[in-house]
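Heads up, the thing below is written out as structure tokens.
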Amino acid sequence: MGNPWRGEVSIVIDGERYEARLTLGALAELEAAMEADSLLALVERFEGNRFSSRDVVALLAAGLRGGGSKIDAAKIEHAQIEGGPMAAARAAAELLARAFTVQA
């Protein structure tokens, strides 16, 4: 299970568990991939339920790389994600939420 204190989210892809997290580099990559003007625009897109499946794939790919995995967007597009598309979207939204949560 991912460590929420580190901003990690667990996701099972093709039967293998991975820990994803959004590092600063992953967030910069994500801004470019999602053509967002700012980090706030990324968060607002998810909070407002205005995200696409491409956004989910980009977010998961960036988070997986931030967590140390070599998985890229092309593999995610064709992978079996445990829980299906809704679980993938939840994991992507959770990654964003954990990246911006201040732990007391």
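Taking the alpha carbon gyration tensor of the chain, multiplying each eigenvalue by 5 and rooting it gives semi-axes of 19, 16, 13 Å, largest first. Candidates 93, 33, 74 compared by Cα position along the dipole of the chain: farthest toward the positive end lies 93, with charges placed on Cβ.
Quick one: putting +1 on the C-beta of Lys and Arg, -1 on the C-beta of Asp and Glu, what dipole do you get for the range 4-99 around its Cα centre, in Debye to the nearest 20?
Values: 11 positive and 15 negative charges, 36 e Å.
It comes to approximately 180 debye.
A straight chain from residue 24 to residue 6 at 0.36 nm per residue would run longer than the Cα-Cα distance by 5.2 nm. Phi angles across the range 23-40 convert, under the Karplus curve 6.51 cos²θ - 1.76 cosθ + 1.60 with θ = phi - 60°, into 3J(HN,Hα) values of 7, 4, x, 5, 5, 5, 4, 5, 4, 5, 5, 9, 6, 9, 6, 7, 5, 4 Hz, Gly and Pro given as x. Computed from backbone phi, the HN-Hα couplings of the range 41-50 come to 5, 5, 4, 4, 4, 6, 4, x, 6, 10 Hz, rounded to whole numbers (Karplus: 6.51 cos²θ - 1.76 cosθ + 1.60, θ = phi - 60°; Gly and Pro given as x).
Computed from the coordinates by the stated procedures, all read-outs in this text should not be read as laboratory data. Source: prediction; values computed, not measured. With ideal geometry, Cβ positions are generated from the backbone for all residues, glycine too; neighbour counts draw on all protein chains shown.
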